[in-house]
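A short reminder: the numbers here are calculations on the coordinates, not readings from a lab. As the structure is a prediction and not an experimental result, all values here were calculated from the model. Counting neighbours? That spans all protein chains shown, and the Cβs are built from the backbone with ideal geometry, glycine included.
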Amino acid sequence: MARRMRCCRPTSGSSRSLRSLGTGQSRPFNQTSFGLTRVHANNRVLYSIMTSIRFATLLATTALLGCASNPPVQPAATSKSQFDTAVYGGETALLEKPTPGAQVYRAFYQGGTGFVSVSSVRETVEEMATKHCARKGQTVRPLQETTSKPPHVLGNFPRVEWLFECSALASSATAGSPAVDKLGQLERLKKLLDSGALTRQEYEREKTRILDAQ
């Protein structure tokens, strides 16, 4: 009696393994898996696009806002002008002659955007110089002003630099007198106009601000 041979039917898993390894036949098409793969691929592309947009937006915002530069007041003899290493130069106006033997200081400020006015930057520099001298019990005496030239675009935001010295306070009869202070400001303003650092429109606006100040 012939011996009956037992044949084991391969399982579905082994069948797929055989097909993938030896027969060269492709695996059965699974529409669900293919759809999920396409969804994952599309999500990756969308994520990449969104990341690029966020990065571009960040760069644009940084370029628009820039950053204000406000180094501390320093002795002029041991510091360099911020305009010396700048791509865009400025215009310099001589306001007063320095007092022989007096310490000269440097104050600089740069606006954070191109939309900041030069006059507001100048006010900040004047405030820096005034506070520096006030801590010494003295009053500020501007000697030289350098201002940036328009157009004020990226890399050339409004900038103002002062060279100044601190002088002794005036006598009690004139110290703190609004009329004396306004006169000094108007004289400096006229010198800036004559030097070309201010336009006629800027001069008139600053003049009105000084005269209207309490």
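Tabulated data
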read-out: Simple spin-label estimate for residue 50 and residue 80 in nanometres, 7 Å along Cα-Cβ; value: 4.6
read-out: Out-of-range pairs (alpha-carbon distance over 25 Å; input 131/182; 136/191; 80/149; 149/191; 136/190; 136/182); value: 136/191; 136/190
read-out: Computed over the range 74-171: relative contact order in percent, which uses C-alpha pairs under 8 Å that are six or more apart; value: 38
